Amino acid sequence: EFTLGEVDGEGGRLVSYDGREVPFDLAAVVPLHGGAEYVGRSEGLGDELGFVPVDPHTLQHPQRPEVFAIGDAAGLPASKAGSVAHFEGEVLVHNIGRFLAGQALDASFDGHTNCFVETGFHKALLIDFNYDTEPLPGHFPGPVGLPLLKESHAAHLGKLAFEWLYWHSLLPGRELPGIGSAMPEHGKHPAEA
């Protein structure tokens, strides 16, 4: 609930419209955005910002059970990052299949998000979190892997490798072994957070 009003780069602080301040050393600021216009033109489909309200775990519209949404269209308390849409997609496919078969929905999206943040000079950091767990230090996807919440050249190389994997593996529909929609907890260190 912090609405950014001013960025004081020299002072290293973010100032909200109501005067609250938050110190920072690296800020990645995303402006408020809304959903697609067509959502607002479809009566009962969207909310006041143009997003499709869905159950955060099943991705099904609460009043229109035949409607599911993921990615930028979904009104979820989750990032609009591509990884989120990918992880949501795994749950969505399973749940739509069950819905069409007249079965109860049982796949549950946990809000899994991961994202490389380029910090410059051939370095990046990787974050991985979900609805219940803030980004933690450690490694992804398990005890051995890319460092989390630590600026490194390895994370930068991981981002470059992921770009290739995205275009040549994920987009054509091939999964990455061992990386599913549920956030992995192995390799994370809650005590260091």
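The values are calculated or read from the model by the stated rules, or taken from the named source; none is laboratory data. These numbers come from a predicted model, not from an experiment. Cβ atoms come from the backbone with ideal geometry, glycine included; neighbour counts cover every protein chain shown. For the accessible areas, the whole protein counts, side chains as well, though only heavy atoms, and no ligand, DNA or RNA atoms are used. Shrake-Rupley method; radii C 1.70, N 1.55, O 1.52, S 1.80 Å.
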Considering Glu48, Glu43, Glu66, Glu10, which residue is of a type in the set (D, E, K, R), out of contact with any Phe, Trp or Tyr (no Cβ under 9 Å at 6 or more places or on another chain) and under 26 Å from Phe109 (Cα atoms)?
-> Glu48
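For the stretch 7-38, what are the residues that are within 19 Å of Ala78 (Cα to Cα) and surrounded by 12 or more Cβ atoms within 10 Å (Cβ to Cβ)? Outline the logic, then answer.
Just the residues of the stretch 7-38 that are within 19 Å of Ala78 (Cα to Cα), to begin with: 27-36.
Correct list: Ala27, Gly34, Gly35, Ala36.
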Identify the residue in the stretch 40-79 that is within 24 Å of Ile127 (Cβ to Cβ) and open to solvent by 60 Å² or more (accessible area, probe 1.4 Å) and, among all such residues, is farthest from the chain's Cα centre (by Cα).
-> His57
Go through (1) open to solvent by 30 Å² or more (accessible area, probe 1.4 Å); (2) in contact (Cβ under 8 Å) with a residue 24 or more places away in the chain; (3) under 24 Å from Leu146 (Cα atoms); (4) among the aromatic types (Phe, Trp, Tyr) one by one and return the number of the condition Phe109 breaks.
-> (1)
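What tally of residues in the stretch 80-97 results from selecting those that are within 17 Å of Gln60 (Cα to Cα) and surrounded by 15 or more Cβ atoms within 10 Å (Cβ to Cβ)? Outline the logic, then answer.
To start, the set of residues in the stretch 80-97 that are within 17 Å of Gln60 (Cα to Cα) comprises 84-97.
Filter once more, so that each one left must be surrounded by 15 or more Cβ atoms within 10 Å (Cβ to Cβ): 84-92, 94-96.
Residues flagged as within 17 Å of Gln60 (Cα to Cα) and surrounded by 15 or more Cβ atoms within 10 Å (Cβ to Cβ) within the stretch 80-97 amount to 12.
Those residues that are in a loop (DSSP other than H, G, I, E, B) and in contact with a strand residue (DSSP E or B) (Cβ under 7 Å, 6 or more places away or on another chain), I need them from the stretch 1-25; list them, please. Spell out how you get there, then give the answer.
To start, the set of residues in the stretch 1-25 that are in a loop (DSSP other than H, G, I, E, B) comprises 1-3, 9-12, 17-20, 24-25.
Matches in the stretch 1-25: Phe2, Thr3, Gly12, Tyr17, Phe24.
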How about the stretch 114-148: which of its residues are part of a loop (DSSP other than H, G, I, E, B), in contact (Cβ under 8 Å) with a residue 12 or more places away in the chain and open to solvent by 50 Å² or more (accessible area, probe 1.4 Å)?
-> His122, Tyr131, Asp132, Glu134, Pro141, Pro143, Val144
